[in-house]
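The values are calculated or read from the model by the stated rules, or taken from the named source; none is laboratory data. This structure is a prediction, so every number in the text was calculated from the model and none was measured. Cβ coordinates were reconstructed from backbone atoms using ideal geometry, including for glycine residues, and neighbour counts include every protein chain displayed.
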Amino acid sequence: MGKKTLWISLLALAIVLLFFESTNTDIFLQEWLFSPADKTWFLKDPHKIYRAIFYTGIKIPIYFIGLFCLYGSVVSIAKNKWNEHRKGFLIVILTLIILPTTIALIGKRYTNVQCPEDVTHFGGSIPYVKLFDSYPKNPNSPDGKWFPGHCFPAGHASGGFGLISLVFLFKKRKQKILAFLIGLSMGTIMGGYQMLRGAHFISHNIVTMLLAIILISTLNLLIKDYSNESSQNQK
């Protein structure tokens, strides 16, 4: 996941944004998860068991992985051990910090995109507007504006897709593939849960996945590899 992956991911992000901006795929797919008759989603709230597993519970292993990598990086730096894994530790930690934080503080704040449950098409009160479109004037508001949307990109799925960074903790190809699939699966499950309860469109999750890969590839290019130092210490 170096320069080639970075450029491919950037191109893919542009294509994805253009595709969803020029089609109604988000609405079409979300309609399959919504019941117009009683205006409920596939996973009706409140379902505490679903939330406990797929929202709160699924974050626990992510936290432990982050703490383990933090411990590993501290040991590596302080005691000059595990140098061959130091870069991987740093990439995982920085990804799990930067990706959700950036999405929450910048992405969601400035994109002004609504969640499916909030738009009129699915029983909400705000018009459905795509990322690069403008909202119509709100006749019930003095300033003509609607309540700002904070739904794009997908924040919950960012923790799962951030685990794609685990690729850099391993050396063997099969292990790297497995790590990639774990991160991809975790992000898909977390993002899928949000779609099933009307909290995100599929484009929100796909963009988050691509942002994760872009960030991880960038960190890989910027962070020094300490494997040689480990080899020299063993001599």
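If you go through region 12-26 and keep only what is surrounded by 12 or more Cβ atoms within 10 Å (Cβ to Cβ) and either out of contact with any Phe, Trp or Tyr (no Cβ under 7 Å at 6 or more places or on another chain) or closer than 18 Å to Thr188 by Cβ (or both), you end up with Ala12, Leu13, Val16, Leu17, Phe19, Phe20, Thr23, Asn24, Thr25, Asp26.
Screening region 29-113 for helices (runs of 4 or more DSSP H) wholly inside it with 3 or more residues that are within 25 Å of Ser203 (Cα to Cα) and in contact (Cβ under 8 Å) with a residue 12 or more places away in the chain returns the ranges 83-102, 108-111. Look at (1) free of Cβ contacts under 8 Å to residues at least 24 places away in the same chain; (2) under 20 Å from Phe20 (Cβ atoms) and you find that Leu210 fails only one, number (1). Annotation note: of Phe152, Phe161, the sole residue that is touching a residue at least 40 places away in the same chain (Cβ under 8 Å), assigned to a loop (DSSP other than H, G, I, E, B) and either surrounded by 17 or more Cβ atoms within 10 Å (Cβ to Cβ) or out of contact with any Asp or Glu (no Cβ under 8 Å at 6 or more places or on another chain) (or both) is Phe152. Of note, Ile164 does not satisfy the criterion of being at pLDDT 95 or above and farther than 20 Å from Ile93 by Cβ.
Residue-by-condition table, conditions (1) among the charged types (D, E, K, R); (2) surrounded by fewer than 17 Cβ atoms within 10 Å (Cβ to Cβ); (3) in contact with a Cys (Cβ under 7 Å, 6 or more places away or on another chain):
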{"site": "Leu184", "(1), (2), (3)": "no, no, no"}
{"site": "Ile189", "(1), (2), (3)": "no, yes, no"}
{"site": "Met195", "(1), (2), (3)": "no, no, no"}
{"site": "Phe201", "(1), (2), (3)": "no, no, no"}
{"site": "His204", "(1), (2), (3)": "no, no, yes"}
{"site": "Ile214", "(1), (2), (3)": "no, no, no"}
{"site": "Ser217", "(1), (2), (3)": "no, no, no"}
{"site": "Leu221", "(1), (2), (3)": "no, yes, no"}
